[in-house]
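Only one structure is covered here, and it is reproduced in the block below.
The values are calculated or read from the model by the stated rules, or taken from the named source; none is laboratory data. As the structure is a prediction and not an experimental result, all values here were calculated from the model. Methodologically, a virtual Cβ is constructed for each residue, glycine included, from the backbone with ideal geometry; neighbour enumeration extends over all protein chains shown. Only protein heavy atoms, including side chains, enter the accessible area calculation; ligands, DNA and RNA are left aside. Shrake-Rupley method; radii C 1.70, N 1.55, O 1.52, S 1.80 Å.
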Amino acid sequence: MTSTRERQRAAARARLEREMAQRATAARKRRQLQTIVAAGVGLLLVVAGTVWLVASLGDDDKATDAAPVGAGSTQCTWTDIPAEQRTPTTKDVGLPPTSAPNVGSQTMTIDTGLGPITAKLDLSKVPCTAASFTHLAEKKFFDNTKCHRLVTEGLQVLQCGDPSAAGAGWRDSDGTGGPSYRMAEENLPTEQRPPYPAGVIAMANSGQPGSSGSQFFIVYGDSQLDATYTVLGTVTGGMDLVKEVGAAGDDGAFAQQAGGGHPKKEVLIKALTMSAVAG
């Protein structure tokens, strides 16, 4: 027969087991609730983050689309050259503004060791190219560089604008330099005959669309070229200096490649400046 004390002990153990089971059940429910709440908070954070991200992207898109390009201005696109594709002759001076005036004109002044050469740029025809030159001029990109190429046969052009063509003597890399961006061609003379008459300044490029950079050429005699080079402007002064350089001839350094060579009469660009926009 079970004693009274043993029955009391068994009852106490039973109560303790029930209490422990109840506590375990309560703890399990608390953990489940915490898990549900945590998951819910995490979902809210994800949703909130997604909404914020979408809103932010939407704002960025609006900022890009809403760039102030009103009457009298044009949106320009600059193609930045990736760092791994740049060469030692690339000069990084940042990108020009994306909005450029497309009314009025500017005067470009090339102050050379032989005297000044001036040209007029019509902004209705070359708004982005003019904006690029204005940016480069402000950065003194062309200062103390030399016109590196002269062609006297077939074409009559003096080519300049390579930032690496500087210092004494000539290098094999002359003619390969430019800024760290490229731009689309403008004002192509497809209806002009000849496309590039004496007195125009045009942009050099690689032959591929959208490859204009900083190099330009001054035409001092009518030249038959495909109409794939931006006509930048018209020379208004100093053409006699360019013709003197042409008459002195070239050294034939590029004869087997693009033609011509380094001008025998050196043309040092001491500074290139762009005037304010005139109405």
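Computed with every protein chain present, the accessible area of Arg149 is close to 40 Å² [probe 1.4 Å]. Calculated FRET efficiency, Gln256 to Val93, Cβ-Cβ distance, R0 = 41 Å: about 0.80 to the nearest 0.05.
Normalising by the residue count of the stretch 81-189, find the relative contact order in percent from Cα pairs under 8 Å and 6+ residues apart. Intermediate values should be presented prior to the final figure.
Numbers: 143 pairs, mean separation 32.7, N = 109.
Here the relative contact order equals 30 percent.
For the stretch 123-279, what class follows from the C-alpha gyration tensor (a ≥ b ≥ c being the square roots of its eigenvalues): rounded when a/c is under 1.5, otherwise prolate if a/b is larger than b/c, else oblate?
Numbers: a/c = 1.40, a/b = 1.16, b/c = 1.21.
In terms of gyration-tensor shape, rounded.
Using C-alpha pairs below 8 Å separated by at least 6 residues, the relative contact order for the stretch 189-246 is 40 percent. Past 23 Å, Cα to Cα: identify those pairs from Lys139/Lys265; Lys243/Lys270; Lys91/Lys146; Lys140/Lys243; Lys120/Lys243, in the order given. Correct reply: Lys139/Lys265; Lys140/Lys243.
For Met203, the accessible area of its heavy atoms, probed at 1.4 Å with every protein chain present, is near 0 square angstrom.
With every protein chain in place and a 1.4 angstrom probe, the accessible-area ranking of Tyr196, Tyr229, Tyr220, largest first, reads Tyr229, Tyr220, Tyr196.
A crude spin-label estimate for the pair Thr176 and Ala83, with each label 7 Å from Cα along the Cβ direction, gives 2.1 nm. Only protein heavy atoms count here; under a 1.4 Å probe, Ile218 has an accessible surface of about 0 Å².
Between the amide H of Thr112 and those of Ile117, Lys270, distances stay under 5 Å, these residues lying 5 or more places away or on another chain, with hydrogens modeled in the peptide plane.
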